[in-house]
1. Where does the charge balance sit around B:Thr340 when Lys and Arg score +1, Asp and Glu -1, over other residues with C-beta under 15 Å from its C-beta?
2. With unit charges on the beta carbons (Lys and Arg positive, Asp and Glu negative) and the dipole taken about the Cα centre of segment A:372-500, which residue among A:Ile387, A:Gly476, A:Leu497 sits farthest to the positive side?
3. Suppose every K and R has +1 on its Cβ and every D and E has -1 on its Cβ; what is the size of the dipole of the protein assembly as shown about the Cα centre, in Debye to the nearest 20?
4. Would you mind calculating the relative contact order of chain B from Cα pairs under 8 angstrom and at least 6 residues apart, reporting the percent as a whole number?
5. Can you list residues whose amide H is under 5 Å from A:Lys29's amide H, if they're 5+ apart or on another chain and H is modeled 1.01 Å from N?
6. With Cβ to Cβ distances under 15 Å as the rule, what net charge do the other residues near B:Ser111 carry (K, R +1; D, E -1)?
7. Starting from 0 in steps of 10 Å, tell me what percent of the Cα-Cα pairs of the protein assembly as shown lands in each bin.
8. Straight-line reach from B:Lys307: which lysines have a Cα under 27 Å away, not including same-chain ones fewer than 8 places off?
Amino acid sequence: MPGEPILVVDDTPVNLKLTRILLVNEGYKVMTATTAEEALELLKSFHPHLVLTDIQLPGMDGLELTRRIRKDPNLKDLVVVALTAFAMKGDEQKAIDAGCDGYITKPIDTRTLGTRLREHLGRRNEAAAAPPPGEVAAIPEADLQALRRVFLAEGRDKSRQLLLDLDGQFSANEAAKLVHQWVGTGGLLGYTAISRLAREAEAILLDRPLDNAQLREALTALALAFSSPREARDTPIPEYVSQALAGKRVTAVGLPAAEEERLGIALERAHATATFFEAGYDSLAEDALSADLAVIFVAPEVDTCAWLDPNAPLWKKMPVVLVGSRDHLLALDPKVQGLAREFLMDSWQPEEALVRLSLAQIVKPSGGARHVPLSPLAPGARTRVVIADDDATVRALVGTTLKNFGFDIETVPDGTMALECVRRTQPDIAVLDVSMPGMDGYEVLAALRKESIPVRVMLLTARQQESDVIRGFSLGADDYVVKPFSPMELVARLKRLAAR
Amino acid sequence: MTAALRIVSALLGLYALFLSAIFGLSLVRARQSWKQKRRYAEIEPRLRDLLIENISGSNNVDSIRKLAGPDRPAVGRVLTEFEGKVAGAARDRLCEAAIELGLVQDWIQDSRSRNPMVRRRAFKGLAFVTSFEPARRLSGDIPVLALNDTDREVRIAAARAVLHSEIPEQFGQVFDMAMENNLLSRIRLTEELRRQALALCESTIPLALNGKDSERTLVALELLVAWERALPFEDLHRLLEHDDPRIRASALALAPLLPPSADNEAAIFDALRDADPAVFTAAARAAARMKLGGAVALLARGLRVGKSEQLRAAAAALAELPPMGLSALSELASNDNPATAAAAAEALANLQHGGMF
């Protein structure tokens, strides 16, 4: 509720300032403290409704602060929310045991912080009246840029100093504290890569005995990330993603903790909720089957689990997205691969996850409300694509990308062979280059249309003049993609084409 | 005498030894080169597959490094094969891999080589990666400085790097380079310049079009027409009325790509009365493309009185301007002048068979 007082306790100035700006913009009255002792002093005269405290604080930590708040009869109604960084195992449980009402995982998602605090304040029913999520994180751009500049400059200097200290006097504990701050602040300011690298460095710093070589590598990566940061994430979620995922429930199975966290944060941004299950959990359980979408993590230890049985009811009830390393996904039973609606591989980014999940949600299965394809796909069948290009690199690139996304592919190096191949194999889609030896792409397309072969045709060419594009479509092409092309865009277009 | 013979034979012996050494050395080098080529041929397809896996999301830089071993240039060569083929995040991943593998640093170092072949390779690599911000920061102003290199191939590669680097201050210099007399340079830079058309329209293009050198103006117009894309400037009136018919014809070809303006339309109508067949033909095409209904009467006149090339252009333009253009064509298909009637009938037949102008 606007005007409610909140106390934020964090020893990182950038975190503190940014959280303050966010909450003030939400209409809260915010006080800040950099230590637990200072917070306790403030609580004698200031009576907030909620305390948002970092667990790791210099001197008295956030857990001790919570315990003291709980012991004080004047403060017993106070809602205490802990900020954790998933760095230490069991942080969350410790927070609950100490008396916290809940916890928020760092990096904080600036778009959902307000909603989460409102939930903790027990005013979920007022959420509808809250400003829409896009407007919640209305941090003045100038403030945000200034904070980012300071964060990067300090991070660059301090990470280099840590590297220099490695050869002399080095305190792993002090370094861990410093790196821990970057986990939260990096995420908060939108530098997810820095946040991830800081988390990795922190894990190495807390491990004993200290692995110097590994630590040096991690700190070098961190110093490089500060010197050349990826663009901070501050772009809104595309409309179609929000539309596809808002309010949806996702069953997530067998994900490691780090991936659970990434997926959870990503889904929160799209206003979807995830329920996480162990791989060993009964796949027939009602709560698992009542979701709108399933995400299953594929690893050697789980590939025989019931979730990945193609006859499991889950596959018929909802679209399934498979997550895992490329090798594991490719090693899966082709039948299971064919049933999966989308794949998330290796180092996927939260934004990519949202796009894939929304695609899985949008594209209906062949037996459902999907448009009747030219050559109907049997349930679970894979889309067959013929790729014709005289350039071996393009053939390999398109072929590998499509294979990774569950397409069956066949590649040919010229137009004449393309026509033969399409006649012989009757694929769902033909991807044709225009400039090819023998018959060019236009000639192949014209021949296919003349023979009324039921195949969708995409032209993939460097020719981008208006007259070329018009010629392609007038000959009956279903889509036209210009080189250089984005493989992801190509896959999205082919999926749309296959679903038509 | 014997002493002199001895000296001569010793010298000959030394010379023969020298020749044998040279021959041996070249044999060794040829063998090394052959072995390297064989190794490249062996590892390059595997490197390409690994890079494709990398694009697909695999973190396999270590595998690439391991496979390439000391032959890092092979990775660079395979990586630059993706130029013109991938875009977006896939290209960024390749650029990131190039940094991680140390290729960008190699290219930066090689950009200072005295050997033009080495510099060409270096700038080819830099041109690929400079679209990626971190690589751009690493390469700094090296591509800009190389715009004045003595080797033309290096200059072209550097120009492409500059255009990818998004340094608008240097676009003008690259545009000027494209207008050099070398047609090959122009062709190779036209497409790259097309992507920066908006920035160039601010000052570079107006300057080039309004210069006093007719040849340069003509080249600039040809370059813009080749882009075949909408351009945000209107000031074409002066060129549409230029004394040089070649410039008038090229300006007419450009007119449909500019925002509509009354001045330009009036100049197109004037050009439909132009005695120069090339200018008339260009004006007819422009009128058809811009759907200028007011041009029907002038086109019909051109179809009645023009020469063969003009007749066909006028007829084809009228076919693109229904309904008045079509009724004019139908009327002229039975004209007394057999050339006029034949051109009109041909245009109508093309229209019926879906022929395009």
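Read-outs: derived from the displayed coordinates by stated rules, not from any lab. All values derive from a computational prediction rather than experimental measurement. Note: ideal-geometry Cβ built from the backbone for every residue, glycine included; neighbour counts use all protein chains shown.
1. Every neighbour counted, the sum reads 0.
2. The Cα lying farthest towards the positive end belongs to A:Leu497.
3. About 1740 debye.
4. Here the relative contact order equals 7 percent.
5. A:Gly3, A:Glu4, A:Ile6
6. +3
7. Computed distribution, short to long bins: 2, 10, 15, 19, 19, 15, 10, 6, 3, 1, 0, 0, 0.
8. B:Lys291
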